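The values are calculated or read from the model by the stated rules, or taken from the named source; none is laboratory data. Just so it is clear, the structure is predicted and the values come from calculations on it, not from any experiment. Methodologically, a virtual Cβ is constructed for each residue, glycine included, from the backbone with ideal geometry; neighbour enumeration extends over all protein chains shown. SASA here: full protein model, heavy atoms, side chains in, ligands and nucleic acids out. Shrake-Rupley method; radii C 1.70, N 1.55, O 1.52, S 1.80 Å.
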Amino acid sequence: MKIMVIVGSGKTGGNTDLLCDSFIEGMKGPENQIAKHHLGKENVQPCTGCNACRAGSKTCVQKDDFPSLVHDFLESDLIVLATPLYFWGISARLKAFIERLYCLGEKDEKGFYFKYPHKKIVLLATCADISSHFYTYELVDAYFNRLIRYMGWEDCGRYYATGCGGSFMPRRITDTRHLKGVYDMAVKLNNTES
């Protein structure tokens, strides 16, 4: 299985990055090929809505790192989207990547652009909120539910790591149970997909 992990954080070595590394460890196996992309290091600009990609070439006119990412995206069976929680939503970096996938839309039988490549998707997220309020990930869940439905993706799981980060009481993810939790999730998924 080919796996693409997209870290939607600006920090390398931060909580979201470490959560991804633990997930990757759980997915390792002789049959798996894993590519990790860190959007804090790779330049992916937001979609401008110019529609040039729908004008026949299927490529974006922007000159950034997106073409190499979309290549890995198309080649991968499982996509892991990872984000820190910013104001109850996904990061702008991850949102920019998702919006640029617009170029992959194919016309359906009615002539509308509603067909996208089928992918298995996992969502990982981190946040500082330690209390696990019901609303903490409510908007992320709503967005993700709508996204996978629209794109025709298969939801293969979500892991929400609470109580890590923040500026008032900073706490590293290494001080929580989450690295073990997401590792176990990945091992279970790996065994299911094998």
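Observations on the structure shown:
- Distances between placed amide hydrogens fall under 5 Å for V5 paired with A35, K36, H37, V80, all partners being 5 or more residues away or on another chain.
- Accessible carbon and sulfur surface of segment 53-123 relative to its total accessible area, %, 1.4 Å: 58
- Euclidean distance between Cα centres, segment 1-78 to segment 95-131, Å: 12
- Shape call, segment 1-65: gyration tensor on alpha carbons, a/c limit 1.5: oblate
- Distant-in-sequence amide H partners of F114 (H built 1.01 Å from N, under 5 Å): E106, D108
- Taking all protein chains together, I34, I121 sort by accessible area into I34, I121, largest first [probe 1.4 Å].
- Highest to lowest packing among 139-146, 184-191, scored as the average C-beta count within 10 Å: 184-191, 139-146
- Take the Cα of A142, step 7 Å toward its Cβ, do the same at E109, and the gap between the two points is 3.4 nm.
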